[in-house]
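Some notes on the structure that comes next.
The values are calculated or read from the model by the stated rules, or taken from the named source; none is laboratory data. If you're wondering where the values come from, they're calculated on a predicted model, not measured in any experiment. No Cβ is skipped: glycine too gets one built from the backbone with ideal geometry, and neighbour counts run over all protein chains shown. Note: accessible area is taken over every heavy atom of the protein model, side chains too, but ligands, DNA and RNA are not part of it. Shrake-Rupley method; radii C 1.70, N 1.55, O 1.52, S 1.80 Å.
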Amino acid sequence: DTEVTQTPKHLVMGMTNKKSLKCEQHMGHRAMYWYKQKAKKPPELMFVYSYEKLSINESVPSRFSPECPNSSLLNLHLHALQPEDSALYLCASSQDIQRGADTQYFGPGTRLTVL
Amino acid sequence: AQKVTQAQTEISVVEKEDVTLDCVYETRDTTYYLFWYKQPPSGELVFLIRRNSFDEQNEISGRYSWNFQKSTSSFNFTITASQVVDSAVYFCALSEPGGFKTIFGAGTRLFVKA
């Protein structure tokens, strides 16, 4: 089973709202990722968690706050977003980032619209 | 620096035609990994293949085949007898062992018309 689930599928929020995106995998993977993808562009890495610890933050603005409550779950907390943050947010997981270059399996994404 | 180039922005074919998607990569490392992903309109990136730099054997999986040539730093993807369901954006990607980042190409949008 190579399934990564994400909720919600669609989210519309105002610039003053606080919302969260959720990602879950049950493949026993120890690395989890958040990507942002704008239309007609490749995914851009935002954060990487390895063994539930934040390993990479690609200079993402603080209005995006990741959280990894356990090895299966990854959240992305959103606060005071801007309209330019509207995008498809993809979650991915891989077996073990320390081994390097493990295949990343992606979820279906959350389409976020900021009004 | 690592780089992945997918020069074809969009390709349009008629069903049952064969189509090849090009991927050229740059890296200074001798050990690296190459990937292809498919992204249908639904948005999910679907893993298709992973190939390490020491394995130049071409691979075939059903209607899909991949041609890896280190001499030209290319990892091309061919779909034989294309179908409408193959319509999607296809991304080629590069990663290094111990590296945390996967470098994606810009993607090639494939339209298969019935």
### Message
Give me Rg/Rg_expected for chain B, where Rg uses Cα atoms only and Rg_expected = 2.2 N^0.38 Å with N residues.
### Response
1.03
### Cβ-placed point charges (K, R +1; D, E -1), dipole of the protein assembly as shown about Cα centre in debye, nearest 20
580
### Query
Could the peptides A:23-36, B:30-43, A:59-72 be put in order, highest first, of the mean number of other beta-carbon atoms found within 10 Å of their residues?
A:23-36, B:30-43, A:59-72
### Summary
Whole-percent carbon and sulfur contribution to the accessible surface of chain A (1.4 Å, no ligands, DNA or RNA) stands at 48
### Message
Quick check for you: with a 1.4 Å probe and neighbouring chains kept, what is the accessible area per residue of chain A, in Å²?
### Response
48
### Query
Near residue A:9, which aspartates and glutamates are there with a Cα under 20 Å away, not counting those fewer than 8 places off in the same chain?
A:24, A:44, A:67, A:84, A:85, B:44
## Note on the structure
Once accessible area is computed for B alone, A alone and the pair with a 1.4 Å probe, the total buried surface, to the nearest 100 Å², works out to 1800
### Summary
Reduced to Cα centres, the span from the stretch B:61-114 to the stretch B:2-56 in Å works out to 2
### Query
Out of every Cα-Cα pair in the protein assembly as shown, what percent are more than 33 Å apart?
17
### Query
Taking the mean number of other Cβ atoms within 10 Å as a proxy for protection, how do you rank B:70-83, B:6-19 from highest to lowest?
B:70-83, B:6-19
### Debye, to nearest 20: dipole size of chain B, +1 on Lys, Arg Cβ, -1 on Asp, Glu Cβ
160
### Message
At 0.36 nm per residue, and after removing the present C-alpha to C-alpha distance, how many nm does the segment from residue A:80 to residue A:27 gain when stretched out fully?
### Response
15.8 nm
### Task
Using a 1.4 angstrom probe, figure out how much accessible area chain B has per residue, in square angstrom, rounded to the nearest whole.
49
### Query
Quick one: with all protein chains in place, what share of the accessible area of chain B is carbon or sulfur, to the nearest percent (1.4 Å probe)?
49
### Summary
So the FRET efficiency between residue B:14 and residue A:5, C-beta based with R0 = 41 Å and rounded to 0.05, is 0.70
